[in-house]
């Protein structure tokens, strides 16, 4: 996505504010660290499209015209909760999805012409790094509801290559996203969880949402499983892309005891 400078400034101000809150309140009596490691298998791609340049480039339907190569994803989140209300977290979530095949027409991608019937490989990269602040406005023994803001840094690229040619469209963008979180414990050791980040602008949107279950094996170790959706769109004067990926995911959650 192509994000504007005012949005970048808003994200920087958000990040500074989050760090200031963290530094000012990081020593309360009730504090807790959590490490969430997740892996996922790609199960479906409803759409994966691109066109660069926006008006003169070849429209590519990478899902239907080429074969998507499914590969796992891995992501890691470190969270810090204090006063049982405030949560700060950092997330690293790399993502690369490749497609391969031949197209029966000449492809113009970002100024490079790929001849018809040439074996092509594309790589859709959407690496995400996030800083999130979330406030829990409902806190009961079994139910927890929270919302906040995320400073989202996207390291993106869409690369098209053949045996003799290569062209990419790299870009780094920043955007503030809304964060939501809901958990319910029907029994003490089982937690039903829905959480995600998302926001749309005139230039596009970004959505990353998870729904699943966490089973606590001990007071510090849990295992998780569920379904994750990653969807995004960018539509600017010189670039268009739209992608939607569905993953079955699992992982572990390590929680340090409150101090």
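List of remarks:
- Listed residues 117, 235, 155, most fluctuating in the chain (Gaussian network, C-alpha, under 10 Å): 117
- Degrees between helix 5-25 axis and first principal axis of the chain (Cα, 0 to 90, nearest 10): 20
- Average silhouette area of the range 5-253, convex hull of alpha-carbon atoms, in square nanometres: 14.3
- Expressed in Å, the radius of gyration and Dmax of the Cα atoms of the range 119-259 are 18.6, 61.
- Taken along the Cα-to-beta-carbon direction at a fixed 7 Å, the label points for residue 172 and residue 135 span 3.1 nm.
- Candidates 87, 55, 249: whichever shows maximal mean-square fluctuation once the chain is modelled as a Gaussian network with Cα springs under 10 Å: 55
- Stretching residue 221 away from residue 201 to a fully extended chain increases their span by 3.3 nm, per 0.36 nm per residue minus the current alpha-carbon distance.
- Residues 140, 50, 118, arranged from fewest to most other Cβ atoms within 10 angstrom of their Cβ, appear as 140, 118, 50.
- Helix-only CD estimate at 222 nm, as mean residue ellipticity for the chain, using -39500 (n - 2.57) per DSSP H run (n ≥ 4): -3000 deg cm²/dmol
All of the numbers you see were taken from the coordinates with simple rules; none came from a lab. Remember, predicted model here, so these are calculated numbers, not experimental data. Cβ sites come from the backbone with ideal geometry, for glycine too, and all protein chains shown count toward neighbours.
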